[in-house]
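The values are calculated or read from the model by the stated rules, or taken from the named source; none is laboratory data. Computed from a predicted structure; not experimentally measured. All Cβ positions, even for glycine, are placed from backbone atoms using ideal geometry, and neighbour counts span all protein chains on display. What goes into the accessible areas is simple: the full protein's heavy atoms, side chains included, and nothing from ligands, DNA or RNA. Shrake-Rupley method; radii C 1.70, N 1.55, O 1.52, S 1.80 Å.
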Amino acid sequence: MFLAYGGPYLFHLHRLTKLLVFVITLSRVPKKLTKMDAYSMSISSASRRVTSKLYQDLKTARLYTFDRSHKELGIMDRVLQFESLDPNRKPHIGIVGAGFAGLRCADILIRYGFRVTILEARNRLGGRIHQERLPSGNLIDMGANWIHGTDDNPILDLAKETKTHTGVFDSESYVFDEDGTLLSAQEGEKFSTVMWNIIEEAFEYSEKHGTQIDADKTLLDFFKEQILKQIPDTLEGYERQRKFVLQMADLWGAFVGSPVETQSLKFFWLEECIDGENLFCAGTYHKILERVAKPAVDGADIRYGTRVSEIYGKSTSPNGTPRARTADGQILEFDELVVTTPLGWLKQNTQAFHPPLPDRLSKAIQNIGYGCLEKVYISFPTAFWLIPDANGRKVQGFCQWLSPNYSKDTNPAGWTNEIVELASMGPSSHPTLLFYTYGDESRHITSTLRSLPSQKEKLDFLFNFFKPYYSRLPSYDENNPDCHPVVAVATDWLGDDLAGNGSYANFQKGLKEGDKDIEIMRQGILGEGIWLAGEHTAPFVALGTVTGAYWSGEGVAKEVAGSYGKRMAEKLGKEAAITN
């Protein structure tokens, strides 16, 4: 028996992991979604892409980091060639955090000849990208396990390069109602189609009318309005149908780590992803992490177990350089300092910055939401759910239990539950169910596990909590040992201070300037030599994703190099003028 309940997660598992809902037959998917598995949240309309704020922002960000800075980086190359004659004169860049943003940032800076030191509080690389190994030998992702979008996505390129197996799900829906009765495939597909039509309409409405939408209006409010149009009173059984669609709307929480009733409608457009399919990283992020980390492992000074407690800008130093104070009292000095800690950490540690953060930056950090998406893996001797039931139905991909009222002893609030099963993932398959939880359910599970003294008690709690759901899967037999779980592994990002006690950025009701808040965070602390990177500073279309973290680290590295190169070129030019 084995239980792991610590460790981090970029999930955005679904965005961390943005597409964790069940799949419907592609022939019945709305036209705009036909390119995607499981309702990928991306723009597939060419006309929308031209005017989309998401793609305009992406274009600007990518041009800035790759094109606009080209001249400055050419100057930087010459400066670094000059200074490389004396290694001690190489600009020294500090990076706080060795997640994907920090590792990619280090990669780019090393390429340009900088000396790089990474301060990592954990004794491993990856941050919220992390794996555990089951007793069976199979690896599981404790953090992100999706690749969000296939169009021009560097993470997909890395998956191909490392031969990491990815998978998509294309099977009929499998949904239980509040009484535990399995819906017919036809009904499940019908209700889910309505639900995702409303989601698609919400994206377009939010992007088009965002400036006029009240900040307190939620995605659930939009659902309640639109469902009257999607399912009019003239339809037979309209009340029942509306109830199912609204219950299915709860599934949105597994995308962002927070309930649908708190999701900002005003900034719902910021939740869309890169165009193309969303792929499940069936082979885990293990090899991708190794590939991303290799340049830093080979070329940077990585200081593990080094927790930064205070960060000082240039204006606080007699030498005019930023510094970092570690928990054990060391003071480390750099030419520039890149902070890639999670948004949740920034929220809890604004007092660590000296001088105090500018008011607008501090407000931006607090304004953006931070989710609490968690995972529970439960493994069995065999994948009994793949054996068709008397009606020929099986679970292959996703399954949901909507607002259950049959598990009052363990789930009195009726939290909706859903899984992706991992036994249909080709060469990476194993007989495991992956439950996604969020909001109060996540808080209940993680806090309960922390309170239990023994592994056996923890396992018993997880098995009993989820039994009302997995026991309803096809071919389950209480008397068959193959249907009895053998291991459970649960995440606890809510209990992880280094992860900021949560998962990844999202956008909650009450938010008034969400896009501006992201842009402010991207700027870092101007004039202080302190830069910010991470999924919360990514291009809008990649916020909360592994791709976003990767791009943000890359972008900041190029900003640092371009800025430093420009300053040094000006300095050298002045020195040359004096000499002449």
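Please verify whether the range 409-428 includes one or more residues that are in a loop (DSSP other than H, G, I, E, B), open to solvent by 40 Å² or more (accessible area, probe 1.4 Å) and among the hydroxyl-bearing types (Ser, Thr, Tyr). No, that holds for no residue. Filter the range 501-516 down to the residues that are farther than 20 Å from residue 288 by Cβ and crowded, with 23+ Cβ neighbours inside 10 Å and list them by number. Those that are farther than 20 Å from residue 288 by Cβ and crowded, with 23+ Cβ neighbours inside 10 Å: 502, 505, 506, 507, 514.
Restricting attention to the range 439-466, the residues that are open to solvent by 70 Å² or more (accessible area, probe 1.4 Å) and free of Cβ contacts under 8 Å to residues at least 12 places away in the same chain total 3.
Filtered by the rule that a residue be farther than 19 Å from residue 187 by Cβ, of a type outside the set (Phe, Trp, Tyr) and open to solvent by less than 40 Å² (accessible area, probe 1.4 Å), the range 213-258 gives 213, 215, 218, 219, 220, 226, 253, 254, 256, 257, 258. Checked against (1) under 30 Å from residue 291 (Cβ atoms); (2) among the aliphatic types (A, V, I, L, M); (3) modelled with pLDDT under 95, residue 546 passes all but condition (3). For the range 348-357, the count of residues that are open to solvent by 20 Å² or more (accessible area, probe 1.4 Å), of a type outside the set (Asp, Glu), without any contact (Cβ under 8 Å) to a residue 12 or more places away in the chain and touching a helix residue (DSSP H, G or I) at 6+ places or on another chain (Cβ under 9 Å) is nonzero. Looking only at residues of the range 105-142 that are among the polar types (S, T, N, Q) and touching an Asp or Glu at 6+ places or on another chain (Cβ under 8 Å), we find that the one that is most open to solvent (accessible area, probe 1.4 Å) is 131.
Only one of the numbered conditions (1) modelled with pLDDT of 95 or more; (2) over 14 Å from residue 278 (Cα atoms); (3) surrounded by fewer than 18 Cβ atoms within 10 Å (Cβ to Cβ) is not met by residue 157, and that is (2).
May I ask you to list the residues in the range 525-543 that are in a loop (DSSP other than H, G, I, E, B) and either within 29 Å of residue 286 (Cα to Cα) or modelled with pLDDT of 95 or more (or both)? Once the filter is applied, which keeps residues that are in a loop (DSSP other than H, G, I, E, B) and either within 29 Å of residue 286 (Cα to Cα) or modelled with pLDDT of 95 or more (or both), the range 525-543 yields 528, 529, 533, 534, 538, 539, 543. Restricted to the range 297-334, and to residues there that are open to solvent by 70 Å² or more (accessible area, probe 1.4 Å) and among the hydrophobic types (A, V, I, L, M, F, W, C), the residue that is nearest to residue 98 (Cα to Cα) is 297.
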